[in-house]
Every structure is written in structure tokens, then in C-alpha cells.
1. Amide H of residue 96 versus every other amide H placed in the peptide plane: which residues, excluding those fewer than 5 positions away on the same chain, fall under 5 Å?
2. In degrees, nearest 10, range 0 to 90: what is the angle between the Cα axis of helix 14-26 and the longest Cα principal axis of the chain?
3. May I ask what percent, to the nearest 5, of DSSP beta bridges between residues of the chain are antiparallel?
4. Straight-line reach from residue 156: which lysines have a Cα under 23 Å away, not including same-chain ones fewer than 8 places off?
5. Running Debye on segment 58-145 with equal point scatterers at the Cα sites and no solvent, what base-10 log of I(q)/I(0) appears at q = 0.14, 0.22, 0.25 Å⁻¹?
6. Give the residue list of trypsin sites (Lys or Arg not before Pro) in segment 48-104 that are DSSP loop and have at most 10 other beta-carbon atoms within 10 angstrom.
7. Are there any GluC sites (Glu not before Pro) in segment 105-164 that are in a DSSP loop and have at most 14 other Cβ atoms within 10 Å? List them by number.
8. How charged is the neighbourhood of residue 26? Take every other residue with its Cβ under 10 Å from the Cβ of residue 26, and add Lys/Arg as +1 and Asp/Glu as -1.
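The values are calculated or read from the model by the stated rules, or taken from the named source; none is laboratory data. Just so it is clear, the model here is predicted, and its values are computed rather than measured. Glycine gets a Cβ as well: all are built from the backbone with ideal geometry, and neighbour counts include every protein chain shown. Heads up: the accessible areas ignore ligands, DNA and RNA and are worked out on the full protein's heavy atoms, side chains in. Shrake-Rupley method; radii C 1.70, N 1.55, O 1.52, S 1.80 Å.
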Amino acid sequence: MDKIGIFYGSTTGNTAEVAKMIAEQLGVADADVHDVAETAPSAVAPYSLIILGSSTWGDGDLQDDFSDFLDGLAAVDLKGKRVAIFGCGDESMTDTFCNAVGTIYKRMQPTGATFVGSFNTDGYEFNHSDAVVDGKAEGLLIDQVNHPEITAERVKEWCAELKA
């Protein structure tokens, strides 16, 4: 059984809320859910499945705390570990929707981690996202601003795939 750690950066609370929903679905203890504003990148060490989450800001930027965390994490050897990514965004930002997921995915490539959790974008309409590669997102995309009514089901389906 995987030891799961969830690491998120949240400014308005939406990403923190989604992190808690994911933890509930996967049976992850509160002690294994980490706000990156208060966590060193080395805290990922005991986990075999690392779930990373950031909101997208401005012109498709990472959440401020997550950007700093990712700088440190990108230097860590994660061979043998699995990484899943989720992100919150606003689909009305049609050219940068949930770009943070794509940024995390690209920046984590050199770590040797195995990526899991690519997922559909059903329910959202946008022109472009750096998170989408070959028609599928490299993680779970969430829009709590415009479509909070589909968040719980999307989280449930994504978590079921992570467990499989």
C-alpha cells in the first residue's frame, strides 16, 4: 500500500479545500496533508505517492508558495516514487486554464518520478492549457469558481483511478 503525501499551495483556500477532498477520498491522514508555505521539499521523502497541487494565477503562473516549494523539489531525486498533480483554475482564463499543472509536470520531469493521474477535462471549456498533452490533462483540473458543482465527482473519479 502506498504511503500518500499531499502537498498544496493555496492563496484563496480553493486548492486547500480540494486537497482535503482528495485526502478524504484516499484515506490520507491530516498529518500527511501539507501546506507548502510551511513545508520543506524534503518532507516528500517518506511517501511513495506524492500528490502535488497548485492554483494558477495571473498569466498562468504557479501559486507563490508553490513556486518556491517546486524550486527545491525539482532538485530532489524521486526515482521509485509516483507523482500525481492537481490544480485549480478559472476556465474564463481561456488561454491559461490550470497552467500550473503543466508547469509542475514539466519541471518535475528531471526528478525521475513516475507520473500517474492524467485525467479528462470534461465539463470545462477553454482554448488552451499547458496541462493538456495529446488531449488529456497531466492531472486533475478543477474550477471551483465557475463549476463547483462538478468538483466532488471529478475528485472521486480521479482518486478511484489513483487507487487502481
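1. Answer set, sorted by chain and number: 128.
2. 60 degrees
3. 20 percent
4. Of all the lysines, those that pass the test against residue 156 - Cα under 23 Å, at least 8 places apart if same chain - are 3, 20, 81, 136.
5. Scattering profile of segment 58-145, log10 relative to I(0): -0.46, -1.05, -1.27.
6. Numbers: sites: 79, 81, 82; in loops: 79, 81.
The qualifying sites are 79.
7. On the way: sites: 125, 138, 149, 153, 157, 161; in loops: 125, 138.
When the GluC sites (Glu not before Pro) of segment 105-164 are filtered for loop state and at most 14 Cβ neighbours within 10 Å, 125 remain.
8. Numbers: positive: 163; negative: 2, 24, 32.
Charge balance in the 10 Å sphere: -2.
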